[in-house]
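Before any comments, here is the structure.
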Amino acid sequence: MKYMKTTALNYRIIVEHEHLEKNAVYVAYAPSLGVSDFGETIEKAVLNIEQAIKLYLETLVDLQQPIPDADTGDYYVTTRSITLDKVAHA
């Protein structure tokens, strides 16, 4: 009997709120993989990208391509409001 090794890999996922013409969606992406997906809620966007990442990694395995290294360490994302007195228009 052949046993398969199960491996858990952690990849950073960033979720952003995007406004479309009539709707708003959440876009999730994994920068180190170049994979993205979306959903109507944060939870749905994360669920969708988890499935997209799994499909991407399984495809790499099937094609005998290397799996990208998992993300490690702490990662911080923040935003700051920057006030400009004058803005040049292009």
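Within the shell defined by Cβ-Cβ distances under 12 Å, the residues around LYS44 carry a net charge of -4, with Lys and Arg each +1 and Asp and Glu each -1.
Under the simplified labelling scheme, the ASP69-HIS17 pair shows an inter-label distance of 3.5 nm, with each label point 7 Å from Cα along Cα→Cβ. If R0 is taken as 30 Å, the Cβ-Cβ distance between GLN51 and LYS5 corresponds to a FRET efficiency of 0.90. Computed extension length for GLU58-ILE82: 4.4 nm, one decimal, from 0.36 nm per residue of separation with the Cα-Cα distance subtracted.
The charge dipole of the range 10-90, taken about its Cα centre with unit charges on the Cβ of Lys, Arg, Asp and Glu (plus for the first two, minus for the last two), comes to roughly 260 debye.
Entry note, the chain: relative contact order of 20 percent, from Cα contacts under 8 Å with a spacing of 6+ residues.
Only counting other Cβ atoms within 10 Å, I'd like THR41, THR7 sorted with the fewest neighbours first.
Numbers: THR41 11, THR7 8.
Ordered from fewest to most neighbouring Cβ atoms within 10 Å, THR41, THR7 come out as THR7, THR41.
Once the Cα atoms are used to define both axes, helix 42-62 deviates from the longest principal axis of the chain by about 40 degrees. Calculated on the Cα set of the chain, radius of gyration then Dmax: 18.0, 71 Å.
Under the combined filter of DSSP loop state and at most 14 neighbouring Cβ atoms within 10 Å, the chain retains these chymotrypsin sites (Phe, Trp or Tyr not before Pro): TYR3, TYR75, TYR76.
Going by neighbour counts of Cβ atoms within 10 Å, the residues VAL61, VAL87 line up, fewest first, as VAL87, VAL61.
Rule-based calculations on the coordinates, nothing more; no lab input. All of these numbers come straight from a predicted model, not from anything done at the bench. Reconstructed Cβ throughout: ideal geometry from the backbone, glycine too, with neighbour counts over all protein chains shown.
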